[in-house]
1. From (1) within 14 Å of chain B (Cβ to nearest Cβ); (2) touching a residue at least 12 places away in the same chain (Cβ under 8 Å); (3) open to solvent by 20 Å² or more (accessible area, probe 1.4 Å), pick out the condition that doesn't hold for A:Ile152.
2. Only one of these conditions is not met by A:Gly241: (1) touching a Phe, Trp or Tyr at 6+ places or on another chain (Cβ under 9 Å); (2) open to solvent by 10 Å² or more (accessible area, probe 1.4 Å); (3) away from chain B (no Cβ under 14 Å); (4) modelled with pLDDT of 90 or more. Which number is it?
3. Being away from every other protein chain (no Cβ under 14 Å) and either among the basic types (Lys, Arg) or crowded, with 24+ Cβ neighbours inside 10 Å (or both) narrows it down to one residue among B:Leu205, B:Leu165; which is it?
4. Which residues, counting only those in region B:222-247, are within 17 Å of B:Asn195 (Cβ to Cβ), open to solvent by 10 Å² or more (accessible area, probe 1.4 Å) and either in a helix (DSSP H, G or I) or more than 9 Å from every other protein chain (Cβ to nearest Cβ) (or both)?
5. Which helices (runs of 4 or more DSSP H) does region B:305-399 wholly contain that include 3 or more residues that are free of Cβ contacts under 8 Å to residues at least 12 places away in the same chain and either open to solvent by less than 30 Å² (accessible area, probe 1.4 Å) or not polar (S, T, N, Q) (or both)?
6. Collect the residues in region A:129-145 that are open to solvent by less than 80 Å² (accessible area, probe 1.4 Å) and either of a type in the set (Val, Ile, Thr) or modelled with pLDDT of 85 or more (or both), keeping them in residue-number order.
7. Looking for whichever is modelled with pLDDT of 90 or more and either surrounded by fewer than 21 Cβ atoms within 10 Å (Cβ to Cβ) or in contact with a helix residue (DSSP H, G or I) (Cβ under 6 Å, 6 or more places away or on another chain) (or both) here; the options are A:Val293, A:Val297, A:Val210. Which one fits?
8. Quick check on region A:115-128: of everything there that is outside any helix (DSSP H, G or I) and touching a helix residue (DSSP H, G or I) at 6+ places or on another chain (Cβ under 9 Å), which residue is surrounded by the most Cβ atoms within 10 Å (Cβ to Cβ)?
Amino acid sequence: MAQLIWNGLFVGSFYALVALGYSMVYGIIKLLNFAHGDLYMLGAFSGFAMLGALGGFVPSTSLLSLFVVLVMTMLATGLGGVALERVAYRPLRGAPRLSLLITAVGASFALEYGVRIVAGPNPRVYPVRLDGTAVEVLGAKITVQQLVLMVIAAGLMVALNALVTRSRQGRAMRAIALDPKACLLMGVNVDAVISRTFFIGSALAGAAGVMSGAYYGKIDFLMGFIIGLKAFTAAVIGGIGNMKGTMLGGLVLGLLESFGTDWLGGQWRDVFAFGFLILFLTVRPTGLLGERVTERV
Amino acid sequence: MKRPAIPALPATARTTSRVVALTSLLAVAALSTTGCNGLVGGSAEGDDKGPIVLGMAIPMSGSSADTGPYMKNGAQLAVDEINAKGGILGRKLRLQVEDDACDPKTAVAAANKLVAAHAAVSVGGYCSGATLPTLPIFDKRKIPMVIPAANSNQLVSQHLKHVFLINGTGSQQAAAAVAWLSKDGAKKVAVMNDNTSYSKDIADLTWAKLGTTGAPAKAVEEAVNPGESDYSPNVTSVLKSSPDYIYWTGYYQEGGLLIRQFRQAGYKGKFLVGDGSVDPKLVKIAGAEHGEGVLATMTQTPQTTPGAGSWIASYRGEFGAEPGPYSTQSYDAVRVAAEAITKAGSTDGDKVTASLEAMDGFKTFSGPLKFTADHTLSNGGFVILGVEDGQFVLRDSLK
């Protein structure tokens, strides 16, 4: 039981970290960025490349270098997200929402197979591995590495929350989410704020990518697909567009999967997760913490 | 070929022209499906001077494009060796490779090309799904197939007369797994698969054999969804049944992650993996300390076959690279085909098939060859490999 909860929370914190980018972009420009999971993949691969390059300078790649790589990767994938927005989404800003959605799917394929061309189709193995002996806490086996990763994830989420609720940038983001046209008229640089949102969301996904690469070890060019869908599910469960809801949604999804697998067997894991997506969409489409939006005419 | 009757229609000018068009279309279709005898190719059947064509439809592009060149090289090596000794029946051999891209539609086109080129024997077949639709194409032309790699039970379950497998089947792999588990003293075995037809086939067959007399007890059968990173829910639920042996029948990507996550969760028992997991990457993903000692059921590879040293050397000399998976099987397929044609004294399909069926004790990498009534190997040729210093080496030949 304790083990199931711990498994769920650990996976859930990854889901939450990736889901935040989804949720932010949706909150601001009402776009479901299906290429978001591939930014996670891009993060894992750029982290891999940087560790490889770093290994050339520093003889022993250590935890410290992993941390440096994490920060550098966040920068890289953040810029990748900005470029993606500039190339694929901004030209379609005024277009119907369906065109944007299709573009997002196209961008997702472009990223996946672009990485495949560069890095090859075979899975890669991270040179630095977080591997530790498990400590038993209340019947659950927990490793220090898991704890560290969860603390990093939680730290990033708290920082993001502070950014959105306390800073000027955050206020601009929230304002654009409410009414982009009015913001434009009030002199807010809407394009810059949207770019910044993409930067932050993609940087978080990239961080999750590096963490997953270092923890699980294996990365491949299609790794972003399933986690992208899971992050979307987490965002919907928690309330897409709502930051705290999204974090909660990630944890809830992780727990649901953990218990669902235990109850029905491993092959039912995705059925269970996406079944909940459907359930939420029919019963409570705004998610756990989402508010009902009244359409003004 | 019988021409289908054309329904009598009022003979207006338009319908007449339609009928003419339809008839000529049918005629062209009939001509092309009979292989355009005498129209294409210089090596028509009955020409005793031209080379004997061996057709090989294998993936040279697509998802399994890595394996195709290994198979092609292995087959080419055998062809070159036989030609250097003067060929068979006084004729040279010629290998014709067509790309099946591991895709059923492309494979059918490739098979038709080989038929048109008057292949005497087909020595190709890697992806079972792509090989299946080519069976009737070759069988109809009475072209014997010596399939080197594809090994789904479906390939032989149709009982086509001209189809032979020289790679062990899923049921033989399951039998080898259970034989090893019993031999190694396993008490309670968990079987895990990744829900693909290849993996689930082996897992289900193994699961059915467990718990019978002489075999270890059943722990749990569990499936994972490939493509994820975190398998901790699966690990937790498998460990609840406290197995002392885990048999994983999927591929190495998930296999490596599972081994690692099982060890981190405190599992102390042994691992056995199927042939899809035999790749040094498995150990890399699992981490060297976790991968050490993992066992595998595997058909013979050049690296694990005792006495293949000189063969590997000549492969290296010819192609400047290490032989890969299924190069020995492809090499054997060509030799088996050549032997059958020699014994039959002709390239006639029925005669070659008869001599394949009569074959007994022909030396191949997977042991002396004899086909069962199903046209599969009487001895599956599965061996047990074990990881030592990050590499899979032979542990037990199960003989």
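1. (1)
2. (4)
3. B:Leu165
4. B:Pro226, B:Ser237
5. B:309-319
6. Within region A:129-145, A:Val135, A:Val137, A:Ile142, A:Thr143 meet the criteria.
7. Residue meeting the stated conditions: A:Val210.
8. Step by step, filter region A:115-128, then rank; the result is A:Tyr126.
The values are calculated or read from the model by the stated rules, or taken from the named source; none is laboratory data. Since the structure is predicted, the reported quantities are computational estimates derived from the model, not experimental observations. Reconstructed Cβ throughout: ideal geometry from the backbone, glycine too, with neighbour counts over all protein chains shown. We work out accessible area using only protein heavy atoms, side chains counted, and drop any ligands, DNA or RNA first. Shrake-Rupley method; radii C 1.70, N 1.55, O 1.52, S 1.80 Å.
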